[in-house]
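Written out below as structure tokens is the structure these notes cover.
Every number in this text was worked out from the coordinates using simple rules, so none of it is lab data. These figures come from a predicted structure and were not determined experimentally. Reconstructed Cβ throughout: ideal geometry from the backbone, glycine too, with neighbour counts over all protein chains shown.
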Amino acid sequence: MLWARSAQLGGAFGLLALVLGCGEKPPRPVQPSTCVAPPEAEVPVIALSNSDVCPRAAATDGGRWEAAAVFAADEKDTLPPSMRRLCRYTWVGCKTPNYSSLPSENLTYAADDPPVVEALAPADKAGLELATAARTRLVRSSDALIPLQASATISPVLVRVLDTSAEPPNGGGEIGLEASSHGFDMAWITRYLACPGGALKPCAARVVTDLALGRSGGRGARSDLAASLYKTVRAWKRDGQKAPLAVLIAAGWEPALERMIPWRKAAGDSSDALPYSKVNVEGASGLSPGGRAMFAAALYAACNGALVVTAAGNDPGYKSSPTGPMWPAGWEAIEAPSADACKSWFGGDVTSKWVESKSSYKPLLYSVGAVDDRDHPIVGTRWKGVPRLVAPGSLAAAYPDDPGDAGYSRVCARGEDVTSAFVCDRTEVRTGTSVAAAVTAAAAAVVWSTHPTWSGHDVMAAIISGGMSLGERPDYGFNLTGKETIVRVSMCGALAASCKGAAKGECPEKLSCSRPPAFARGSKPQPFVPVRPGSLDLTVEAAAGGFDSVLLCQGCTFYRKQRKKDGCELEGVLNPALFEGGRVTRVVEPALDLYDAYGRRLGYVEAQGFKPDHWDVSKEAQAVYTDAASCGGAVQAVVRFTVCLDTACSKKVPVLRDVPIVE
């Protein structure tokens, strides 16, 4: 399968970035006021205790290890030893952590758990015009039901977004905004598509956030994500599972990190039946303790009947590009546990509300890839990393029509007088598989709210059968036969598919779906283009090194300069940093495609119509100018060109970039 591949580096990964925090939310260790914590103190150690308590570590002159259970269970919870005995040790002190003071004699194994779980939708700052266009495009490309068409018996689904926003206080209905707005944006995409009328009926989902990525830079450790997922399912279970639960995880980590984790005590057997061996860890003896925590939490969620939707992952632009999906998305290739297995791990009551599925496709969780409005794989699609489902994930934003909905205006502009046209200045236009996962979670809510007695697998089966086939084969999935095709999510199509043969009154009486066509069926534009190694997002990779951060051009924007009788002019500026560092000599072979707010292609400009036809090295910003046959409401331009790495242009790097157009 041939997929366009180009890295989205607006949110580039630090491969082993070490940042602060621990615990469920997670709390930050309190350092002495005169203390500057060493970098090593920012990484917790995850260990398996030999008993049902987390043994204390001896205090030292330089600090101490604080111990806490990863999964905050009590006597009402039945958990296998590998979950009940899993402990987190966080260093508090001014000196370098003393790993020898860990109670190793009472631990089966111990290893670092660096915060490598990343949000998967880099952002572009958006003003009112761009955000409005991005929301319009999202609605059209996802075939959303706005206004929502639903039956009188609709039962809202609980959608928990485990991300960078904390849970609202006292069970409130607000969507919170933290230092990183990724969780805020993902929650609003889900809420707007599932509840376009806000608090007004019909509404297919109650969207609630939880802080799983609460560390510096909007990251989290694997144990953070695991604790958040467990806490979410546990609270839902104790509340009586009154509504179906869908969990959105718009984040992930590189599987390769499992074999790069510093172990403080060699891996040992967890002495229970959790099937960690089902997770294939290339070049490593097995999952790290943090990875085991997340896998165990995923099993716990599946056994209790929760539906987990994850982002497939983006290519962050490493010199050696990763292959396959990120984790936990890649665990879609693992079969969901049986009822008997669930009872053996979590007790007999775990299946008290078990719903048998009619679907033959029952993976542990579901992952979603991303395409743009033309069914092109988005910039940053991973090689061999595309699952069965894809959804719109390019330049998307969402916000409520009522600025008072879910605390939007209070959170975004406290004390300010806002109008119905208000868009929070922290609302950002995002591109990535996170967006696609949020669209799919909203689609699941719409289907599940109409059929609340269904299993999550049956809900996802309706989404797959009601989507548009793109004619290509998925790269991974559970027990694939080779006949499955990649399907683009259609929210209306999913509901229509779920309503076939439904009893009267169970579904909307009149359901009209526009079903945007799959462009893959037409001759142009061709969404599946050959992979071009080294294709990066306005970033040039030298032969002897990784990506160079000075080559980023995140602020590149086209402006409508003026209109002519025969069309319009677009003018932009290429950042001079692109030419610094001695790696780039010139840019050649430029081309430009124009799209409107609905993702429809307005036209294209080939190299002969693109001025100038090449840009030489300069310390001054290079103007990018073109005459287009028709601008006709264009809001997006897709620029393609080739970067020469030497004077003779014998070494070339193709570049693809989505650029917004503003007035």
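With a ≥ b ≥ c the root eigenvalues of the C-alpha gyration tensor of the stretch 279-403, is it rounded (a/c under 1.5), prolate (a/b larger than b/c) or oblate? Oblate, since a/c reaches 1.5 and b/c is not below a/b. Here the spin labels are modelled as points 7 Å beyond Cα on the Cα-Cβ line, and at residue 72 and residue 235 they lie 0.9 nm apart.
From zero up to wherever the largest Cα-Cα distance of the stretch 84-233 sits, split into 5 Å bins and tell me the percent of pairs in each. Per 5 Å bin, starting at zero, the Cα-Cα P(r) for the stretch 84-233 comes out as 2, 8, 14, 16, 16, 14, 11, 7, 5, 4, 3, 2, 0 percent. Percent antiparallel among DSSP beta bridges with both residues in the stretch 123-237, to the nearest 5? Around 10 percent of the beta bridges assigned by DSSP in the stretch 123-237 are antiparallel ones.
Around residue 95, with a cut-off of 15 angstrom between Cβ atoms, what is the net charge of the other residues, counting Lys and Arg +1 and Asp and Glu -1?
Numbers: positive: 64; negative: 40, 42, 61.
That works out to -2.
Straightening the chain between residue 201 and residue 384 buys 61.7 nm, computed as 0.36 nm per residue apart minus the Cα-Cα spacing. Peptides 463-475, 432-444, 497-509 ordered by packing proxy, namely the average of other Cβ atoms within 10 Å per residue, highest first: 432-444, 463-475, 497-509.
Cα centroids of the stretch 228-253 and the stretch 369-409: 22 Å apart.
Across the cross-link table entries 242/504; 242/265; 237/358, which are compared at the Cα atoms, the separations over 31 Å belong to 242/265.
Given the peptides 398-410, 223-235, arrange them by the average over their residues of other C-beta atoms within 10 Å, most packed first. It would help to have the intermediate numbers written out before the result.
Values: 398-410: 19.8, 223-235: 25.4.
Going by the mean number of other Cβ atoms within 10 Å, highest first, we get 223-235, 398-410.
Between residue 263 and residue 59, the FRET efficiency estimated from the beta carbon spacing at R0 = 22 angstrom works out to 0.40.
The protection proxy used here, the mean number of other Cβ atoms lying within 10 Å of each residue, ranks peptides 84-95, 257-268 as follows, highest first: 84-95, 257-268. Here the stretch 380-400 is scanned for amide nitrogen atoms under 20 Å from the site 7 Å beyond the Cα of residue 469 along Cα-to-Cβ, giving 386-392. Here the simple spin-label model places points 7 Å from the Cα toward Cβ, and for residue 509 and residue 647 these points are separated by 7.8 nm.
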